[in-house]
Amino acid sequence: MRTTLSLDPDVVAAVERLRREEELGLSEAVNALVRSGLAARSASGHEPYQPRSIDVGIKVDVSNVAETLDLLDAG
């Protein structure tokens, strides 16, 4: 995929440093840094967001929006 990015100066410096150290192309260096950032983020132990729900005592078929809105207005 091709795209245009605006990189902050510190990111450009990190990309250039990795390119020199590893003899990588620009895309390879950016991909490597993004992957390492993603790996660090997933290894941080954060659980994915899980919304809480409660039983309100009614069953609603949300495939019919108008009927659902009528049910909610009546309640």
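The values are calculated or read from the model by the stated rules, or taken from the named source; none is laboratory data. Given the structure is predicted, the values throughout are model-derived calculations rather than measurements. Cβ sites come from the backbone with ideal geometry, for glycine too, and all protein chains shown count toward neighbours.
Results, tabulated for the structure shown:
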{"item": "In the range 3-19, the residues that are outside any helix (DSSP H, G or I) and either in contact (Cβ under 8 Å) with a residue 40 or more places away in the chain or surrounded by 10 or more Cβ atoms within 10 Å (Cβ to Cβ) (or both)", "result": "Leu7"}
{"item": "Residues within the range 20-60 that are loosely packed, with under 10 Cβ neighbours inside 10 Å and touching a Leu at 6+ places or on another chain (Cβ under 9 Å), tallied", "result": "1"}
{"item": "Complete set of residues in the range 61-70 that are at pLDDT 80 or above and not acidic (Asp, Glu)", "result": "Ser63, Asn64, Val65, Ala66, Thr68, Leu69"}
{"item": "Condition check for Glu23: acidic (Asp, Glu), free of Cβ contacts under 8 Å to residues at least 60 places away in the same chain and either at positive phi or in contact with a Ser or Thr (Cβ under 6 Å, 6 or more places away or on another chain) (or both)", "result": "yes"}
